[in-house]
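Before any comments, here is the structure.
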Amino acid sequence: MQKVILLTGSTDGIGLEVAKRLVDEGHHVLLHGRNPQKLEAVKRELSGRGRMEAFVADLSSLAEVKTLAEAVKAATPHLDVLINNAGVYKVPNPTTEQGLDVRFVVNTLAPYYLTQLLVDQMTAASRVVNVSSAAQASVDLDALQGRTALSDHAAYAQSKLALTMWSRSMGQQPHSGGPLTVAVNPGSMLASKMVKQAFGVSGASLEIGAAILTRAALEPGFLKSSGLYFDNDSGRFAQPHPDALDAALCAQVLESIEALVKDDADRRRS
Ligand SMILES: NC(=O)c1ccc[n+]([C@@H]2O[C@H](COP(=O)([O-])OP(=O)(O)OC[C@H]3O[C@@H](n4cnc5c(N)ncnc54)[C@H](OP(=O)(O)O)[C@@H]3O)[C@@H](O)[C@H]2O)c1
């Protein structure tokens, strides 16, 4: 059955491979990218292969996340799947205009906010697939709130654990009638530009990541996965970092995420 699927970060790496698979399988794919030229090129490449629309938003800006959600709502009354795939490891200037680390904004806050803004477009049969990582490290709340600077790896690993923590909290207590929420490590050291820039290695086939994200989005095998973490390095549901199993720590991180998102929205309104 054709599904309506929003895929963030469709312009490169694993996301681009997922986009090709989903379009070729006949789904209605809402492509997303931050770079209009790159996004247009992907749309051109896939044109004639299936139904798709394209949305531009820089997810390091929560204002743009809001605009993206509004554009998606205007384009479709219903969303079957949201794949929060866009992510970032290394950038020349890691601090956003709001003084936050861009890894926390793009990898943790933006997917959280986008999910919240689109939750009414989803039903209990919908899915949110959060693209996590094997790189997970305890979240320093001061760093999440922009008060402490981190190395690239620490910021990335903390942002991915924070994503996994909110995914678990939300997935275990789904909004009534809301979507299942699962976190997935797509596989480590897959051959994307992120991996080349971060580790200087070419990496393994992107198809490994594309295949598992497509399964998480569509397969019945993931129907009971809400709140869980799938580790594609071992090929099974697995324990995430121990902090993600600690309900009190998850609540603390979620509270900080919600406060940051609310502060940003309040600042925009004033
Ligand atoms: N590759 C791996 O081995 C691996 C392992 C574990 C987890 N992951 C995760 O898999 C996901 C995909 O990463 P990848 O390896 O495929 O890397 P990638 O090739 O660099 O792709 C990242 C995607 O996110 C987009 N993106 C980055 N910053 C953005 C921003 N500020 N606003 C909007 N979009 C933005 C990129 O857009 P542009 O095309 O404009 O750059 C691109 O489409 C990420 O969440 C990553 O953390 C990857």
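Where a number appears in this text, it was derived from the coordinates with a stated rule and is not lab data. A quick note: this is a predicted structure, and the numbers were derived from the prediction, not measured. A quick note on method: Cβ atoms are made from the backbone with ideal geometry, for glycine too, and the neighbour counts reach across all protein chains shown.
Shape descriptor for region 130-239: Rg over Rh equals 1.00 (Cα atoms; Rh from the Kirkwood inverse mean 1/r). Taken over region 4-136, the convex hull of the Cα atoms encloses 112 Å³ per residue. Close Lys pairs in the chain (alpha-carbon distance under 15 Å; sequence gap of 8 or more, or different chains): 8. For the chain, the antiparallel share of DSSP beta bridges with both residues in that region comes to about 10%. Ranking VAL4, ILE14, THR67 by Cα position along the charge dipole of the chain, where only Lys, Arg, Asp and Glu carry charges on their C-beta atoms, puts VAL4 farthest toward the positive end. For region 7-142, a crude dipole built from +1 on the beta carbon of Lys and Arg and -1 on the beta carbon of Asp and Glu, taken about the Cα centre, is about 380 debye to the nearest 20.
Projected label points at PHE237 and SER270, each 7 Å from Cα along the beta carbon direction, are separated by 4.4 nanometres.
The alpha carbon centroids of region 84-154 and region 220-270 are separated by 10 Å.
Using the Stokes-Einstein relation with a Kirkwood hydrodynamic radius computed over Cα pairs, the translational diffusion coefficient of region 57-98 at 10 °C and a viscosity of 1.306 mPa s comes to 130 µm²/s. When the alpha-carbon atoms of the chain are used, the pair Rg, Dmax equals 16.9, 49 angstrom. DSSP beta bridges fully contained in region 1-129 are about 5 percent antiparallel.
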